[in-house]
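The values are calculated or read from the model by the stated rules, or taken from the named source; none is laboratory data. Model, not experiment: these values are computed from the prediction. Methodologically, a virtual Cβ is constructed for each residue, glycine included, from the backbone with ideal geometry; neighbour enumeration extends over all protein chains shown. Just the protein is used for accessible areas: all its heavy atoms, side chains included, with ligands, DNA and RNA removed. Shrake-Rupley method; radii C 1.70, N 1.55, O 1.52, S 1.80 Å.
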Amino acid sequence: MDSEHKHKVISSFNLPNLGIIVEFSDVEFGFKKGMVLKSVSSKLYWEVQSRIINSSNEKRFDGETETVCHYNIREVGHLKNRNELLNSFQYNIKPIGHNEKPNSGDFLVFTVTVAVRVIYKVIDIYDDYLLLDTNNGDTGVLHKKYVSKKVQIGDYVRHCEHKIHDLVDEFGNFIYRE
């Protein structure tokens, strides 16, 4: 399920020591580490790693993981202009299943894949996530920590009341692997 609230990408860049940094507009409550963002246009996914803090007087949000960055003094003018943008903040994000950064002007939404009363087919396996076919021509991602370590491409995932989701076949029959 994708959030209705869209966050516009003002700029994005890749720094060798930090990875992908994205500046978002219209951030009201902050982004917590581990939240998953999805591009409205490309349908690619990213996981939030941390908020980039450039100065001690920036607005802070509860529960955010922060990374403090020190800019060259020549960048102070840029920081003043950036802070004038309403609710504009920078975040370090990690791509899920690709190496792309979001494009400027794109919109990202928070996404959650919930397999309640539905089974989803595993179509790819990434470092920390499974890519799922959600049966409506769209995809979803589910963190691997919620599924058996023996999951394979082609398996199906079904919601379980316990913390770990069930591995099933296309008919909903349990899969047991030793």
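List of remarks:
- Highest mean packing comes first when the peptides 35-47, 99-111, 142-154 are listed by Cβ atoms within 10 Å, giving 35-47, 99-111, 142-154.
- Sequence ranges 123-129, 4-10, 133-139, ranked by mean other-Cβ count within 10 angstrom, highest first: 4-10, 123-129, 133-139
- The residues packed around residue 131, meaning those with a beta-carbon under 14 Å from its beta-carbon, carry a net charge of -3 if Lys and Arg are +1 and Asp and Glu are -1.
- Amide H within-cut-off set for residue 44, under 5 Å, with H built and near neighbours excluded: 39
- Ordered from longest to shortest, the equivalent ellipsoid semi-axes for region 100-162 are 23, 14, 11 Å, each the square root of 5 times a Cα gyration tensor eigenvalue.
- Average accessible surface area per residue within region 1-50, 1.4 Å rolling probe, Å²: 51 Å²
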